[in-house]
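Heads up, the thing below is written out as structure tokens.
The values are calculated or read from the model by the stated rules, or taken from the named source; none is laboratory data. Quick caveat: nothing in here was measured; it's all calculated off a predicted structure. Backbone-built Cβ (ideal geometry, glycine too); neighbour counts: all protein chains shown. Surface areas here come from the heavy atoms of the whole protein model, side chains and all, with no ligands, DNA or RNA. Shrake-Rupley method; radii C 1.70, N 1.55, O 1.52, S 1.80 Å.
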Amino acid sequence: MDGPVRVRRPGPPEALLELGMIYVVSLGGTSDKAALTAFCEDGWRLLPGGEGHRILTRCVALCHLDRWREADGHLTARRDVWGRDNDVVTALGLFLTECIGMFLGRTGPFERAVTAPSRWPLWTKGARHRFERLSQLARVLMAFGELGRVEGVLAAHELPFPYRPAPDRVVADSQGGRWDPALNLARESLATGLSVGDLPIHTLTCRETSVILGARGQLARAREVIDRARSVQPVMLHLPALPESYLSRAVGEAGRVGRIVDDGLALAAERGLVIGTDELWLARAVSRLDTGDRGAALRCVDKAGRVAELLGTGRARLCHLLAAAVVHRDRAAAAEAVRLARRRAQPLEQADTLATVVRHGLADASLLHEAHALYGDLDALLRRAQLRTLMREHEVAVPGRGLITAENERLLATLVAEGLTNRELAIVLRCS
């Protein structure tokens, strides 16, 4: 006679939700767009667990497809369902609402979370949940260039800043000017796939890595990293547009620079994303002014102003100040931009700000010494060499002739190793 029938009980709700997320993240990590699309259409309805589980899992799948606006709508329309579920589902739903809203320019929920992170269903459930909460908020703040706020939030809750996942540390070290450790971590992260699965950290890791490599003259490697962002977990692909435009400008592809920025802004608009558009509107304003289209440049200033007002971040404000300074020939705005960049204390951003205001005749050329030193601390060989051209144009003495000669030789060797043609070498080095 057969023994008693054993009925397998479903796992706890938290485990079912985690399994659903693992499945979606795996599809995203392997770039299986067809499977993700099928899941978002009907597959999500077949998931085990409650309705709240299914809603949140579909939302994450939509994000992996770069369909942020649709994910936001799906989440918002069904808030009455997941908001009444267990604490784990409610906590994840709130987190997704905060982050996606911030990416789309709806900043209120996220800003309230940063101000009072303890108002979260899992905050009192243990140290692990508090760490996850603060880490998630920090990751989004870094995506908007708010490194100072990250350090403040973590310090306020006694969470040591260095103890963070490697991809997050790449972004933090890059923004903070710790480029050698950032590059080492980036190589490890990209080689082992550590950044794949978490949105949008993979794209941000690729972006920051390409910024460092490009500034140091490793142009071909920088392009390879940007290509990786496009082929592996391709989300928020407007974010690498700025470093990609820098690479094209460096080798004299002037016509391509504007197209890259325009395509980036068009892609962001198509996705409904505001994140990263502050820098692109500044770049477009300068590009349009360089081509003599002052009307278009003025419209870009207005756009940059709207983004700054919408986001309220330091980086967005800095971009608007610089756009207004350059297009309106506003020395007061230029001076305020310099003060803000110094307060933010992100070395590359600060050096670029100083170079921009001097290049457009909006500040004393002596500021170039400060920019030159900042680039030197970063070992940004190419940006430093480009700045020395600007220093000569403004008759600013370049210190350390012997050191500069050795630096130029290192840069030349780097560019040759990157496979540049003689024509490209001449353009990059401004020589025959």
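Brief remarks on what is shown
- Theoretical ellipticity at 222 nm over the chain - DSSP helices of four or more residues, -39500 (n - 2.57) apiece, nearest 500: -23000 deg cm²/dmol
- Rounded, prolate or oblate (a/c below 1.5 giving rounded, otherwise prolate when a/b exceeds b/c) for the range 353-432 by Cα gyration tensor: prolate
- Portion, in percent, of the accessible area of the range 328-432 that falls on carbon or sulfur, probe 1.4 Å: 52 percent
- Restricting the trypsin sites (Lys or Arg not before Pro) of the range 69-173 to loop positions (DSSP other than H, G, I, E, B) with no more than 14 neighbouring Cβ atoms within 10 Å leaves 84, 119.
- Gyration tensor verdict on the range 74-161 (Cα atoms; rounded if a/c is under 1.5, prolate if a/b is larger than b/c, oblate otherwise): oblate
- Placing R0 at 22 angstrom, the Cβ-Cβ distance between residue 123 and residue 155 gives a FRET efficiency of 0.80 after rounding to 0.05.
- Segment residue 41..residue 191, full-extension length gain: 50.7 nm, with 0.36 nm per residue of separation and the alpha-carbon distance subtracted.
- Size-normalised alpha-carbon gyration radius of the chain, reference 2.2 N^0.38 Å: 1.07
- Average accessible area per residue (Å²) across the range 313-382 - probe 1.4 Å, nucleic acids and ligands excluded: 35 Å²
- In nm, spacing of pseudo-spin labels at residue 343 and residue 135 (7 Å Cα→C-beta vector): 3.2 nm
- The label-point distance for residue 79 and residue 406, in a model that sets each label 7 Å from Cα toward Cβ, rounds to 6.1 nm.
- Accessible-area order (highest first, 1.4 angstrom probe) of the listed residues 375, 23, 246: 23, 246, 375
- Take residue 192: with every protein chain present and a 1.4 Å probe, its accessible area is about 90 Å².
- Summed side-chain charge close to residue 234 - residues other than residue 234 whose Cβ falls under 12 Å, Lys, Arg +1, Asp, Glu -1: +2
- Theoretical FRET efficiency, 1/(1+(r/R0)^6), r = Cβ-Cβ of residue 427 and residue 184, R0 25 Å, to 0.05: 0.25
- Per residue, the solvent-accessible area of the range 12-72 (1.4 Å probe, heavy atoms of protein chains only, all protein chains present) comes to 45 Å².
- Compared with the alpha-carbon gap, the fully stretched path from residue 390 to residue 224 is longer by 56.9 nm at 0.36 nm per residue.
- In this simple spin-label approximation, residue 360 and residue 262 carry label points 7 Å from Cα along the Cα→Cβ vector, and these lie 2.1 nm apart.
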